[in-house]
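Novice: Below you'll find the structure I mean.
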Amino acid sequence: MEHMTARQLAQACGGRLLLGDPETPVKHISLNSNTMEGNDLFVPLIGEKVDAHCFINQAFANGAAAALTSEHSQAPQGAGGVWIQVEDTKKALQDIGRWYRRRLSLPIIGITGSVGKTTTREMVAAALSARRRVFKTPGNYNSQVGVPVTLSKIGGSDEIAVIELGMSEPGEMTVIARIACPDMAVITNIGVTHIGQLGSQENIYREKMSIQDGLKPGGTLILNGDDPWLARAGAKEGCSTVYYGTGEHCDYRAEEIRIKDGYPSFTAVCPGKKVPVKLRVMGKHQVGNALAALAAADLNGVDLEGAAASLETFEGYQGRQQRYERDGILFIDDTYNASPVSMKGAIDILSSLDRTGRRIAVLADMKELGEEEERFHREVGEYVGESRIDLLVTYGSLAEAIGAGAIKACPGLLTVHFQDREELERYLLGQLREGDAVLLKGSNSMKLGEVAQHVCQYHH
């Protein structure tokens with residue numbers, strides 16, 4: 001935040017100053033009492049297990065300049081710094097985010113979707129960076145509390161912002177979108193991630209489309225025209241719709257798609273121009289993400305050749321199809337998260353590789369898939385059985401259904417299952433050999449990324 005004072009922030013969230021100099025400068029917002037950047041406002045959130053109000057003194061000891069509180073009507077005796085009383089610290093944080101957004105004059109692009117939000121965010125930012133100074137969401141700050149913090153980090157030298165908007169429960173997208181107020185919104189797809197909380201794919205579609213509740217009048221909605229839910233959707237009244245994909249109806253279309261050793265190249269057919277594109281991220285599904293990035297760049301005045309050149313330098317994001325080689329073994333670390341769609345996309349990548357050894361898929365549980373979670377895992381297994389996979393290694397109780405589905409589709413496929421992570425690591429260390437290609441993928445909570453690191457690090 002630039003040139004903010006405690007008084008302004010108190011006014012923004014309807015708070016009352018309990019203690020301290022109202023002209024105290026505030027430059028950052030922190031949700032963690034241990035991490036202060038200097039002149040921070042500490043926001044103590046009340047979670048299911050921990051009430052962060054008990055860390056306010058720790059926050060001040062670590063350099064906070066001010067703190068919100070909903071549990072004090074007066075500052076404790078002997079306290080220092082600025083104390084601001086509010087009714088609800090989470091709501092106050094969101095109010096500050098909305099207030100700060102109104103002070104920003106730069107355009108904001110909001111990114112959402114069931115799969116590929118972060119990669120698309122990074123690719124949009126890369127394409128725009130050919131001509132603009134771009135701010136983008138740091139890490140995974142894409143929630144009801146993350147988005148206000150993200151907005152507060154935008155500075156005066158930034159020319160355009162790319163903000164990731166995530167949701168996991170009904171009504172959440174509306175809240176976040178009204179904080180971010182994007183000028184342009186991208187929806188990557190409608191999948192089944194969080195279907196356990198949202199109940200149906202139709203509900204997920206409605207929730208994702210509610211990004212428009214914050215879309216500015218005259219804004220643009222950029223939709224994946226290859227997604228069956230989004231192909232027939234359109235922007236709200238007063239806003240325009242742009243489609244990207246491979247269909248003839250798409251405004252930004254990919255033709256002549258080629259995959260070489262997992263890496264795609266294609267011709268982007270854009271309004272009035274064709275541009276060759278080569279990517280350094282793996283998988284055919286990345287073509288759509290690249291088209292979304294080209295559309296966003298073109299609509300914001302960045303020349304397409306420059307945008308395509310910037311995309312060619314993008315090599316992915318940690319835990320998302322990171323490719324590295326050790327002792328002649330190729331590792332594809334795609335362990336950040338998993339859904340049925342992204343699992344199948346990763347399997348396609350592994351199948352497309354030309355290797356002298358085996359193609360080995362190490363697949364773990366996919367979380368938050370609701371009542372039909374077993375069916376989704378079994379369908380992924382059937383997809384594995386129909387692909388060019390030589391060995392399937394599954395990990396976790398839900399992943400057993402992946403193995404069952406694979407054997408049903410391909411009775412001769414070699415499959416191995418583990419419930420213990422250390423046993424899985426020992427198996428892989430003893431099993432892998434030169435020429436093999438290994439895909440590791442599962443939901444983040446399964447910590448398969450640690451397996452990837454350990455196996456790669458200790459393999460000889």
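Novice: Per residue of region 77-89, in order, report the coupling 6.51 cos²θ - 1.76 cosθ + 1.60 (Karplus, θ = phi - 60°) as ³J(HN,Hα) in whole Hz, putting x for Gly and Pro.
Specialist: Each residue of region 77-89 in turn: 4, x, 6, x, x, 9, 10, 10, 7, 9, 6, 8, 5 Hz.
Novice: For each pair in Lys236/Lys274; Lys90/Lys208; Lys90/Lys236; Lys49/Lys91, compute the distance between the two Cα atoms and list the pairs where it is over 26 Å.
Specialist: Where the Cα-Cα span goes over 26 Å, the pairs concerned are Lys236/Lys274; Lys90/Lys236.
Novice: Need one number: nm distance between label points at Asn140 and Val50, each 7 Å from Cα along Cα→Cβ, rounded to one decimal.
Specialist: Between Asn140 and Val50, the label points sit 1.6 nm apart.
Novice: List the residues whose amide H sits under 5 Å from the amide H of Thr241, counting only those 5 or more places along or on another chain, with H placed 1.01 Å from N in the peptide plane.
Specialist: It is Leu221, Ala235, by chain and number.
Novice: Hey, another quick one. Based on C-alpha coordinates, I'd like the Rg and Dmax of region 393-445, in Å.
Specialist: 11.8, 31
Novice: Determine the per residue accessible area of the chain with all protein chains present and a 1.4 angstrom probe, expressed in square angstrom.
Specialist: For the chain, the per-residue accessible area is 42 Å².
Novice: For region 334-460, list log₁₀ I(q)/I(0) at each q in 0.11 Å⁻¹, using the Debye formula over Cα point scatterers of equal strength and ignoring solvent, two decimals each.
Specialist: Here log10 of I(q) over I(0) equals -0.32.
Novice: Compute the length gained on full extension between Glu386 and Ala231: take 0.36 nm times their separation in residues and subtract their Cα-Cα distance, giving the result in nm to one decimal.
Specialist: Working it through step by step, the gained length comes to 53.0 nm.
Novice: Remind me, what semi-axes does region 107-234 give for its equivalent ellipsoid, largest first in whole Å, using sqrt of 5 times each Cα gyration tensor eigenvalue?
Specialist: Each semi-axis is the square root of five times an eigenvalue, giving 23, 16, 13 Å.
Novice: How large are Rg and Dmax for the chain when only the alpha carbon atoms are used, in Å?
Specialist: When restricted to the Cα atoms of the chain, Rg and Dmax are 23.7, 73 Å.
Novice: If you take the beta carbon distance between Asp21 and Lys91 as r and set R0 to 22 Å, what does 1/(1 + (r/R0)^6) give as a FRET efficiency, to the nearest 0.05? Please report the intermediate quantities before stating the final value.
Specialist: Working: r = 25 Å, r/R0 = 1.14.
Computed FRET efficiency for Asp21 and Lys91: 0.30.
Novice: Counting pairs of Cα atoms in region 299-357, how many percent are more than 19 Å apart? Walk me through the numbers before you get to the answer.
Specialist: Values: 843 of 1711 pairs.
Tail of P(r) above 19 Å: 49 percent of Cα pairs.
Novice: Residues of region 387-414 with amide nitrogen under 19 Å from the 7 Å Cα-to-Cβ point of Glu374?
Specialist: 394-409, by backbone N distance to the label point.
Novice: Can I ask one more? Give the calculated FRET efficiency between Thr313 and His417 to the nearest 0.05, with a Förster radius of 35 Å applied to their Cβ-Cβ distance.
Specialist: 0.30
Novice: Do any GluC sites (Glu not before Pro) in region 412-460 lie in a DSSP loop with no more than 11 other beta carbon atoms within 10 Å, and if so, which?
Specialist: Working: sites: Glu422, Glu423, Glu425, Glu434, Glu450; in loops: Glu434.
Answer by residue number: Glu434.
Novice: To continue, here is another question. Looking only at the chain, where both bridge partners belong to it, what percent of the DSSP beta bridges are antiparallel (to the nearest 5)?
Specialist: Counting DSSP beta bridges with both partners in the chain, the antiparallel share is about 30 percent.
Novice: Counting other Cβ atoms within 10 Å of each Cβ, which trypsin sites (Lys or Arg not before Pro) in region 179-241 have at most 11 and sit in a DSSP loop?
Specialist: Within region 179-241, the qualifying trypsin sites (Lys or Arg not before Pro) (loop, at most 11 other Cβ atoms within 10 Å) are Arg232.
Novice: Got the relative contact order for the chain handy, in percent, Cα pairs under 8 Å and 6 or more residues apart?
Specialist: Reported relative contact order: 11 percent.
Novice: How much of the pair distance distribution for region 12-63 lies past 19 Å, counting alpha-carbon pairs only, in percent?
Specialist: For region 12-63, the fraction of Cα-Cα distances above 19 Å is 29 percent.
Novice: Looking at region 37-192, send over the antiparallel percent of its DSSP beta bridges, to the nearest 5. If you can, show how the numbers build up before the last one.
Specialist: Details: 1 of 19 bridges.
Looking only at bridges with both residues in region 37-192, the antiparallel portion is about 5 percent.
Novice: Next question. Please list, by residue number, every one of the trypsin sites (Lys or Arg not before Pro) in region 81-172 that is coil in DSSP and has at most 14 other beta-carbon atoms within 10 Å.
Specialist: Details: sites: Lys90, Lys91, Arg98, Arg101, Arg102, Arg103, Lys117, Arg121, Arg131, Arg132, Arg133, Lys136, Lys153; in loops: Arg131, Arg132, Arg133, Lys153.
Sparse-neighbourhood loop trypsin sites (Lys or Arg not before Pro): Arg133.
Novice: Continuing with the same structure: List the relative contact order of region 317-460 as a percent without decimals, with contacts defined as Cα pairs under 8 Å and 6+ residues apart.
Specialist: Here the relative contact order equals 35 percent.
Novice: Same structure again: Is there a quick way to get the dipole size of the chain? I mean about its Cα centre, with the Cβ of Lys and Arg at +1 and of Asp and Glu at -1; what is the value in debye to the nearest 20? Intermediate values should be presented prior to the final figure.
Specialist: Values: 48 positive and 58 negative charges, 188 e Å.
Dipole of the chain, to the nearest 20 debye: 900 debye.
Novice: Now, a different point. Can you give me the Kirkwood hydrodynamic radius for region 173-294, using every pair of distinct Cα atoms, in Å to one decimal?
Specialist: With all distinct Cα pairs of region 173-294 included, I get 15.3 Å.
Novice: Could I ask something else about it? Starting from the Cα gyration tensor of region 202-271, multiply each eigenvalue by 5, take the square root, and state the resulting semi-axes largest first in whole Å.
Specialist: Listed largest to smallest, the semi-axes of region 202-271 are 27, 14, 10 Å.
The values are calculated or read from the model by the stated rules, or taken from the named source; none is laboratory data. Predicted, not measured: the structure shown is a model, and the values here were computed from it. Please note: Cβ atoms are built from the backbone with ideal geometry, for glycine as well, and neighbour counts cover all protein chains shown. What goes into the accessible areas is simple: the full protein's heavy atoms, side chains included, and nothing from ligands, DNA or RNA. Shrake-Rupley method; radii C 1.70, N 1.55, O 1.52, S 1.80 Å.
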